[in-house]
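Got a structure for you, questions after.
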Amino acid sequence: MLELGQGSDTPSGELIKDVSEATFMQDVVEASMQAPVIVDFWAPWCGPCKTLGPALEAAVTKAKGAVTMAKVNVDENQMIAGQMRVQSIPTVYAFYQGQPIDGFQGAVPPSEIDAFVARVVEQSGGSADGGLGDALAAAEEMLEAGEATDAAQTFAAILGEDPNNAAAFGGLARAHLALGEVDQAEAVLNGAPAEIADAQEIEAVFAQIELARQAENAGSVADLMAQVEAEPENYQARLDLAQAQHAAGDAEAAVNTLLDLFRLDREWNDGAAKAQLFTIFDALQPNDPVVLNGRRKLSSMIFA
């Protein structure tokens, strides 16, 4: 298993410190030799500081050790403030390798704070997500290599660090699908937080689950193809053939069969051909040639 949330060797309790003139060299300059340190110059009477400080702390905490934060009360540490030429507060500097590398003055929106932290981490060659991106990539490689159990464990560990990670929810569900655990895959997705329930990564796996359930009852491709040839107007046989083709791993053939059905009668069975096409499209990557070609052909039929 991968160790997650380990962007640096800094324990979580030491991510944010109150720093004085006596500790500035150790907690900022020397500490920045290992990982960037963001220094917040503030004062108790400063209104904007009361907004910026907590937002900056939240962004640093979210980086999971890729960067730390030092808080300097300018009223109590005027010499440091003077040396850093702090003329107004709040003022924020980022140190790396003992030197200031970035900074800003005044209160800024949370989105700019997140961007600032990410930029600082990137300049130091780190990762602002605490290694979760690398862990996701590793889990996907495991899944592709057929190591579904290990992939599931890694995706679950990522969710332990980031419960709103849509990619990890989708990956965990796909790992259960790979293990043949369709009900468990659906349960995973149903447990996703409401704010990410509509994420593409999750909707894609819902489509894959629907296709997996269809595959459980799919007929023989050869038998259904013979039935379609013998009964050209048997539209249900055409739909069944498409499901069987997809279950057999031939998504392109399934799409072509559904496009033929749509061309023959787009309204049949409440638009079943179009609905099945969209299920296949949603289950695949948006840039998959099967999706791109299929959508193009469907659009040409709709708007012809």
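With runs of 4+ DSSP H residues as the only contributors, calculate the mean residue ellipticity of the chain at 222 nm using -39,500 (n - 2.57) per run, divided by the residue total and rounded to the nearest 500. Don't skip to the answer; put the middle values down first.
Numbers: 13 runs with 169 residues, N = 304.
Calculated mean residue ellipticity at 222 nm is -17500 deg cm²/dmol.
Sticking with this structure for a sec: Which lysines, if any, have their Cα less than 24 Å from the Cα of Lys71, not counting same-chain residues under 8 positions apart?
Excluding near neighbours in sequence, the set is Lys17, Lys50, Lys62.
May I ask for the angle, rounded to the nearest 10°, between helix 221-230 and the longest principal axis of the chain, with both axes built from Cα atoms and the value confined to 0 to 90°?
Between helix and principal axis, roughly 50 degrees.
I need the calculated FRET efficiency for the pair Glu203 and Gln26, taking r as the beta carbon distance and R₀ as 45 Å, to the nearest 0.05. If you can, show how the numbers build up before the last one.
On the way: r = 50 Å, r/R0 = 1.11.
The calculated FRET efficiency here is 0.35.
Using a 7 Å offset from the Cα along the Cα-to-Cβ direction at both Ile302 and Gln87, what is the distance between the two label points in nm, to one decimal?
5.8
If you don't mind, another one. With +1 on each Lys and Arg Cβ and -1 on each Asp and Glu Cβ, how big is the dipole of the range 210-304 about its Cα centre, in debye rounded to the nearest 20?
Details: 8 positive and 15 negative charges, 89 e Å.
Dipole size: approximately 420 debye.
Ok, one more. Can you compute the charge dipole magnitude of the chain about its Cα centre, using +1 on each Lys and Arg Cβ and -1 on each Asp and Glu Cβ, nothing else charged? Give it in debye, rounded to the nearest 20.
Dipole of the chain, to the nearest 20 debye: 960 debye.
Taking amide H atoms as placed 1.01 Å from N in the peptide plane, list the residues 5 or more away in sequence, or in a different chain, whose amide H sits under 5 Å from that of Gly103.
Ala94
With unit charges on the beta carbon (Lys/Arg positive, Asp/Glu negative), name the residue among Cys49, Ala253, Ala215 whose Cα is farthest towards the positive pole of the charge dipole of the chain.
Of the candidates, Cys49 comes out farthest on the positive side.
Angle, helix 289-302 long axis vs. longest principal axis of the chain, Cα atoms, 0 to 90°, nearest 10?
60
Against the longest principal axis of the chain, how steep is helix 110-123, in degrees 0 to 90 to the nearest 10, with axes from Cα atoms?
Relative to the chain, helix 110-123 is tipped by roughly 80 degrees.
Here's another thing I want to ask about it. At 1.4 Å probe size, put Lys297, Lys50 in order of accessible surface, largest to smallest.
Values: Lys297 80, Lys50 140 Å².
I get Lys50, Lys297, largest accessible area first.
I need the Debye-formula profile for the range 78-202: one equal scatterer per C-alpha, no solvent, reported as log10 I(q)/I(0) at q = 0.21 1/Å, two decimals.
The computed values of log10 I(q)/I(0) come out as -1.12.
Separate question: Going by average Cβ density within 10 Å per residue, which order do the peptides 182-188, 106-112 take, highest to lowest? Let's see the in-between values first.
Values: 182-188: 17.9, 106-112: 13.0.
My ranking of the peptides, most packed first, is 182-188, 106-112.
Something else now. Roll a 1.4 Å probe over the protein chains and send me the accessible area per residue for the range 32-94 in Å².
Accessible area per residue, the range 32-94: 44 Å².
Once you keep just the Cα pairs under 8 angstrom separated by 6 or more residues, what percentage relative contact order results for the range 182-260? Walk me through the intermediate numbers first.
Details: 61 pairs, mean separation 19.4, N = 79.
After rounding, I find 25 percent.
Would you mind telling me the share, in percent, of accessible area of the chain contributed by carbon and sulfur at probe 1.4 angstrom? Provide the component values of the computation, followed by the final result.
Working: 7510 of 15500 Å².
Here carbon and sulfur together make up 48 percent of the probe-accessible area.
A follow-up question, please. Which listed residue (Ala145, Asn269, Pro90) has the Cα farthest towards the positive end of the charge dipole for the chain, taking +1 on Lys and Arg C-beta and -1 on Asp and Glu C-beta about the Cα centre?
With unit charges placed on the Cβ atoms, the residue in question is Pro90.
Can you give me the relative contact order of the chain as a percent, contacts being Cα pairs under 8 Å and 6 or more apart?
Working: 449 pairs, mean separation 40.4, N = 304.
Value for the chain: 13 percent.
Still on this structure, I have one more. Return the equivalent ellipsoid semi-axes of the range 209-288 as a descending list in whole Å, where each equals the square root of 5 times an eigenvalue of the C-alpha gyration tensor. If you can, show how the numbers build up before the last one.
Working: eigenvalues 69, 46, 23 Å².
Semi-axes, largest first: 19, 15, 11 Å.
Now for a different question. If you bin every alpha carbon distance in the chain into 20 Å steps from zero, what whole percent lands in each bin?
27, 37, 25, 10, 1
The values are calculated or read from the model by the stated rules, or taken from the named source; none is laboratory data. It should be emphasised that the depicted structure is a prediction, and the values quoted were computed from it without experimental measurement. Glycine also receives a Cβ, built like all others from the backbone with ideal geometry; neighbour counts cover every protein chain displayed. What goes into the accessible areas is simple: the full protein's heavy atoms, side chains included, and nothing from ligands, DNA or RNA. Shrake-Rupley method; radii C 1.70, N 1.55, O 1.52, S 1.80 Å.
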